[in-house]
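The values are calculated or read from the model by the stated rules, or taken from the named source; none is laboratory data. Predicted, not measured: the structure shown is a model, and the values here were computed from it. Cβ coordinates were reconstructed from backbone atoms using ideal geometry, including for glycine residues, and neighbour counts include every protein chain displayed.
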Amino acid sequence: MAESTETAVEEKKAALSDTVAVDTDGFGVSAISDEVVLEVKNLQTHFTTRWGTVKAVDGVSYNVRRGETLGIVGESGSGKSVTALSLMRLVPSPPGHIVGGEVILNGRNLLDLSEGEMTAVRGGEISIILQDPMQALNPVFNIQNQVGEAIKIHQGLKGQALWEKVVDSLRKVRIPAPEIRAKDYPHQLSGGMRQRVVGAIGISSAPSVIIADEPTTSLDVTIQAAYLRLLRQIQQEEGVAIVFITHDFGIVAKMCDRVAVMYAGRIVELADVRTIFNEPMHEYTKALIGSVPKLEEKTGRLPQIEGQPPLLYNLPPGDSFAPRSQLEFTPEEAERRPPLVEIKTDHWVQLSRSSVAEYDKYAHLMPAE
Ligand SMILES: Nc1ncnc2c1ncn2[C@@H]1O[C@H](COP(=O)(O)OP(=O)(O)O)[C@@H](O)[C@H]1O
Ligand SMILES: [Mg+2]
């Protein structure tokens, strides 16, 4: 990324205040509607392994509104991808099982649908853009066939109408000369163009929700910025909700409206992006923000977060962040599983003395044991 996180946060603030500034008629102007399109409730996905049960997703809840980008951020292994795959019901089984919770998309619980119904939802109402475009594209089919296949399945178009829709989808992701590029095979395109093709497949059925799982990790930084800008543009044009998964807080500042911070399969903090950057409450969020490399500090080294991410098949019973926490607390205080508490309007924190320095200030909000 070309700018520091601080600059990005400033830009974000400016963008947010712009939205308020155009609110002249008193009804509020915002690209984000109040309509909740996706509601995840207490989702639990476990893997059965030789070493025990891995609680990769351990009671995750959030909602996403139309036109909104919710960032899911956390270190590698925190359960971000398994959460995404669970929403799509694509968790490899065995060893994975969704053992509890609800995934409500446009009012229907996806976990109750038959496999056939789910096939229609996937790539239709909800689609996923993965990290590596080569994984999503088949090397032996040209772009026209691959984009066309998705459209055929979900919209039943054929012939000229299908061709026009393919070209239109490629145009939406700003692929130059789409009629010509449609005849290309994946290996003939650059990495950035391939990821745009995956994006075209993702938006071709006008989904309510796009899940983007580290979509720019395989791209070069300059292309990353262009791709992310494109995603935001498409979002404004289509009003789609985006669940944007990343381990990069610098990208979060530019892309997301709200942020859920994941640790060991749970959400430890959830708030709008400004609050997350300006008033982080959980020690893990603070550490992640502190580990964002700033370009002006050209040390070439990332500050490290102390300690290792926990092994998920052997989690401590209560607050899984406690072993890495620098705060002072008793073993008993770390043993209780911390509840996610709304400490201020729309600011949720997994509250415990072992993870939150200002615990005493909010302790009265703790539910009775
Ligand atoms: N196929 C699998 N079998 C067993 N455990 C798995 C499998 N896939 C993922 N996991 C576990 O789930 C945890 C979360 O993984 P993942 O969601 O991919 O993390 P990330 O936040 O990096 O996307 C991993 O730490 C791993 O222990
Ligand atoms: Mg992942």
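In a residue-by-residue description of segment 62-72, the property of being near ligand 1 (Cβ under 7 Å from one of its atoms) and out of contact with any Leu (no Cβ under 6 Å at 6 or more places or on another chain) applies to no position.
Scanning segment 150-171 for residues that are modelled with pLDDT of 90 or more and not hydrophobic (A, V, I, L, M, F, W, C), we see that the one that is surrounded by the most Cβ atoms within 10 Å (Cβ to Cβ) is SER169.
The single condition among (1) surrounded by fewer than 17 Cβ atoms within 10 Å (Cβ to Cβ); (2) within 9 Å of ligand 1 (Cβ to nearest atom) that SER33 does not satisfy is (2). Pairing residues of segment 79-106 that are of a type in the set (Asp, Glu) with residues that are assigned to a strand (DSSP E or B), at Cβ distances under 9 Å and at least 6 apart in sequence or on separate chains, gives GLU102/GLU39; GLU102/VAL40; GLU102/LYS41; GLU102/ASN42; GLU102/LEU43; GLU102/ASN109. Residues of segment 336-353 that are more than 22 Å from VAL259 (Cα to Cα) and at pLDDT 95 or above: ARG353 alone.
Conditions tested, residue by residue: (1) surrounded by fewer than 17 Cβ atoms within 10 Å (Cβ to Cβ); (2) modelled with pLDDT of 95 or more; (3) not assigned by TED's automatic domain parsing to the domain that holds GLY265; (4) not hydrophobic (A, V, I, L, M, F, W, C).
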{"site": "SER291", "(1), (2), (3), (4)": "yes, no, no, yes"}
{"site": "GLU306", "(1), (2), (3), (4)": "yes, no, no, yes"}
{"site": "PRO310", "(1), (2), (3), (4)": "no, no, no, yes"}
{"site": "GLY318", "(1), (2), (3), (4)": "no, no, no, yes"}
{"site": "ALA322", "(1), (2), (3), (4)": "no, no, no, no"}
{"site": "GLN326", "(1), (2), (3), (4)": "yes, no, no, yes"}
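The residues on offer are GLY67, GLY79, GLY52, GLY59, and the sole one that is within 16 Å of ligand 2 (Cβ to nearest atom) and not aliphatic (A, V, I, L, M) is GLY79.
Within segment 232-261, if we keep just the residues that are more than 16 Å from ligand 1 (Cβ to nearest atom) and assigned to a strand (DSSP E or B), the residue that is surrounded by the fewest Cβ atoms within 10 Å (Cβ to Cβ) turns out to be ARG258. Among the residues of segment 90-113, are any among the hydroxyl-bearing types (Ser, Thr, Tyr), within 16 Å of ligand 2 (Cβ to nearest atom) and either surrounded by fewer than 22 Cβ atoms within 10 Å (Cβ to Cβ) or modelled with pLDDT of 95 or more (or both)? Scanning segment 90-113 turns up no residue that is among the hydroxyl-bearing types (Ser, Thr, Tyr), within 16 Å of ligand 2 (Cβ to nearest atom) and either surrounded by fewer than 22 Cβ atoms within 10 Å (Cβ to Cβ) or modelled with pLDDT of 95 or more (or both).
If you filter segment 185-214 down to residues that are surrounded by fewer than 16 Cβ atoms within 10 Å (Cβ to Cβ) and more than 26 Å from the chain's Cα centre (by Cα), you find that the one that is farthest from ARG108 (Cα to Cα) is GLN188. You will find that of PRO178, PRO92, PRO133, PRO139, the residue that is within 16 Å of ligand 1 (Cβ to nearest atom) and either over 23 Å from ASP58 (Cα atoms) or under 20 Å from the mean Cα position of the chain (by Cα) (or both) is PRO92 and no other.
Every test in (1) surrounded by fewer than 20 Cβ atoms within 10 Å (Cβ to Cβ); (2) among the aliphatic types (A, V, I, L, M); (3) in contact (Cβ under 8 Å) with a residue 40 or more places away in the chain is passed by ILE223 save one, and that test is (3).
Against the condition at pLDDT 90 or above, under 25 Å from ALA322 (Cα atoms), within 16 Å of the chain's Cα centre (by Cα) and among the aromatic types (Phe, Trp, Tyr), how does TYR284 come out, does it pass? The answer is no for TYR284.
Filtering segment 206-231 down to residues that are assigned to a loop (DSSP other than H, G, I, E, B) and modelled with pLDDT of 90 or more, which residue is nearest to ligand 1 (Cβ to nearest atom)?
At the first step, the residues of segment 206-231 found to be assigned to a loop (DSSP other than H, G, I, E, B) are 206-208, 214-220.
If we keep only those that are modelled with pLDDT of 90 or more too, we end up with 207-208, 214.
Numbers: PRO207: 21, SER208: 23, GLU214: 8 Å.
The extreme case among them is GLU214.
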